[in-house]
Amino acid sequence: GAVVSQHPSWVICKSGTSVKIECRSLDFQATTMFWYRQFPKQSLMLMATSNEGSKATYEQGVEKDKFLINHASLTLSTLTVTSAHPEDSSFYICSAPAGSYGYTFGSGTRLTVV
Amino acid sequence: QQQVKQSPQSLIVQKGGISIINCAYENTAFDYFPWYQQFPGKGPALLIAIRPDVSEKKEGRFTISFNKSAKQFSLHIMDSQPGDSATYFCAASPLSARQLTFGSGTQLTVLP
């Protein structure tokens with residue numbers, strides 16, 4: 001139980017375009033979703049916290065206009081990377097608190113901007 | 001005060017050996033301490049977790065030791081196997097459903 005499905009697994013996009021990453025909680029209601037970014041051989045860096053029905057809270061240094069987060073329902077949260085540039089290339093991971101299961105993570109999205 | 005310090009950065013162990021990874025924290029409000037295993041290109045997967053009311057928790061070959069007074073906790077992997085080769089992250093959070101603070105990660109290699 002407590003599965004978060006994240007799509008796509010990988011995406012390649014051209015510089016200047018936007019990319020949407022989806023995270024769906026399959027068997028529980030995710031009132032909160034955390035979005036992380038991970039560079040190679042580094043730890044997870046929290047980007048933002050979204051709560052269903054309210055605006056996301058962004059960590060210091062994260063551009064909220066570049067990384068748009070929507071959490072319109074209890075089972076879906078999305079991260080849109082707008083006007084992507086090569087420096088946005090990274091591994092993006094979502095996570096949700098799942099009661100007795102602790103925090104469950106999505107499988108991650110490898111974004112490459114060319 | 002929000003940091004979780006993890007060591008070593010990398011670890012090489014022979015098959016059948018014991019792998020030990022250590023973490024230290026400063027925030028006394030932390031009350032949930034999970035360990036995650038991450039394979040390349042995958043999201044972290046919960047391995048084992050502990051709360052500060054116990055000093056040790058064991059699940060199969062994996063054991064967490066927790067020292068509340070020293071604000072340290074460690075992961076022991078007994079009888080390490082090549083399939084255990086992955087990156088391990090310790091983490092901590094103050095209350096349920098609050099954000100996790102991650103350690104810097106340990107890349108474990110188990111030699112056959």
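Just flag the chymotrypsin sites (Phe, Trp or Tyr not before Pro) in the range B:26-112 sitting in loop per DSSP whose Cβ has no more than 12 other Cβ atoms within 10 Å. Here no chymotrypsin sites (Phe, Trp or Tyr not before Pro) fit, given the DSSP loop and packing criteria.
Computed over every Cα-Cα pair of the range B:11-112 and binned at 5 Å starting from 0, the pair-distance distribution P(r) comes out as 3, 13, 25, 24, 19, 10, 5, 1, 0 percent.
Comparing the full protein assembly with the isolated chain (1.4 Å probe, heavy atoms, ligands and nucleic acids excluded), the residues of the range A:42-77 losing at least 20 square angstrom of accessible area are A:S43, A:L44, A:L46. Excluding same-chain neighbours fewer than eight residues apart, the aspartates and glutamates reachable from A:K14 by a Cα-Cα span under 18 Å are A:E87, A:D88. The share of C-alpha pairs in chain A whose separation exceeds 16 Å stands at 56 percent.
Could you give the Stokes-Einstein D for the protein assembly as shown in µm² per second, using the C-alpha Kirkwood radius, 20 °C, 1.002 mPa s? Could you put the intermediate results ahead of the total?
On the way: Rh = 18.1 Å.
So the translational diffusion coefficient is about 118 µm²/s.
For A:K20, a cut-off of 18 angstrom between C-alpha atoms picks up these lysines, skipping any fewer than 8 places away in its own chain: A:K55, A:K64, A:K66.
Annotation note: trypsin sites (Lys or Arg not before Pro) in the range A:43-114 located in DSSP loop regions with a Cβ neighbour count of at most 16 within 10 Å are A:K55, A:K64, A:K66.
The values are calculated or read from the model by the stated rules, or taken from the named source; none is laboratory data. Since this is a predicted model, take the numbers as computed values, not measurements. So basically every Cβ, Gly included, is an ideal-geometry build from the backbone, and we count neighbours across all protein chains shown. These accessible areas exclude ligands, DNA and RNA; they are computed on the full protein's heavy atoms, side chains included. Shrake-Rupley method; radii C 1.70, N 1.55, O 1.52, S 1.80 Å.
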